[in-house]
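The values are calculated or read from the model by the stated rules, or taken from the named source; none is laboratory data. Not measured: the values here are computed from a predicted model. Cβ: placed from backbone, ideal geometry, glycine included. Neighbour counts: every protein chain shown. Each accessible area value is taken on the protein alone, full model and side chains, heavy atoms only, with ligands, DNA and RNA left out. Shrake-Rupley method; radii C 1.70, N 1.55, O 1.52, S 1.80 Å.
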Amino acid sequence: MHNEGYSTVCGHAVIALMHFAVDYGLIKTPTSPETQINIHCPCGLVKNFTQYFNGKTGTVRFHSVPLFAFATDASVSVPGYWSITVDISYGGALYAFVSAKKFGLDVNKSKTRDLVDAATAVSDAFKSQVKLYHPVSEDLAFLYGTILTDGKDAFSKTSCTGSGVTARIALQYHKGLIGLNQTRSFKSGAIGSVFTGKAIEETTCGDFRAVVVEVTGHAHYSGVASFTQESDDPQSGGFLLR
């Protein structure tokens, strides 16, 4: 969950949750060298494989739901930039992809604020000008965000999310830039983290040609928190502001 609700899928959370589930005994009999755990995300069933050897967890990889390129070379009118050509791809959530160079920006050198402003402008324009849909669920028919790239399909500055990586792999496969089981790595320019991904199986999603994508990453603990609910607390059940 996050400040605006919840994600339809989150690669970071999937990897972290599977690491936690094995370490903290939610999985009673983990198997070596990998333990398979399935998780039902709002976008569908995601299959996870967590390394487990000598009582320790390691790398986590997951297989996505069927993913597809929604549109390529779509034009949107962005205030101050005239018409911008973008690609739309589904990675458990719909993302717009556009080269930062179209805004006169460099993903390696430009200020993060300028990159965020440009990505937000694309998202706002797309939401007002383009009708999106999903062949399985209307709840998935919305633009989650815009990812700016260096235009070379190998670097991500504004996002290195699991769903962003799966969407990029699906898009690159659709364009013929990669084949099945051809691995690509994506590095976040903001913090330097790396996810790797590859298309592993052709499938369909409604009328779309689709692929299943495998993403690999690591999880690390940053802390442990506990929450207390006292019986005499009148707000113990929480509250909602409308």
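Could you please find all residues in segment 105-132 being touching a residue at least 60 places away in the same chain (Cβ under 8 Å) and either closer than 15 Å to Tyr81 by Cβ or surrounded by 20 or more Cβ atoms within 10 Å (Cβ to Cβ) (or both)? If you could, list the steps in order and put the result at the bottom.
Of segment 105-132, the ones touching a residue at least 60 places away in the same chain (Cβ under 8 Å) are 107-108, 112, 132.
Result: Val107, single match.
Of all residues in segment 199-242, exactly one satisfies the criterion of being surrounded by 10 or more Cβ atoms within 10 Å (Cβ to Cβ) and without any contact (Cβ under 8 Å) to a residue 12 or more places away in the chain, namely Ser236. Filtering segment 164-183 to residues that are open to solvent by less than 60 Å² (accessible area, probe 1.4 Å) and among the basic types (Lys, Arg) leaves only Arg168.
Does at least one position in segment 47-59 carry a residue that is closer than 30 Å to Cys205 by Cα and of a type in the set (D, E, K, R)?
Quick first cut of segment 47-59, residues closer than 30 Å to Cys205 by Cα only: 47-51, 59.
Within this subset, residues satisfying the condition of being of a type in the set (D, E, K, R) are 47.
Looking through segment 47-59, at least one residue is closer than 30 Å to Cys205 by Cα and of a type in the set (D, E, K, R).
Checking each residue in segment 108-145 for being closer than 12 Å to Ala93 by Cβ and in contact with a helix residue (DSSP H, G or I) (Cβ under 7 Å, 6 or more places away or on another chain) picks out His134, Leu143, Gly145. The one condition from (1) within 26 Å of Asp150 (Cα to Cα); (2) at pLDDT 95 or above that Val65 does not meet is (1).
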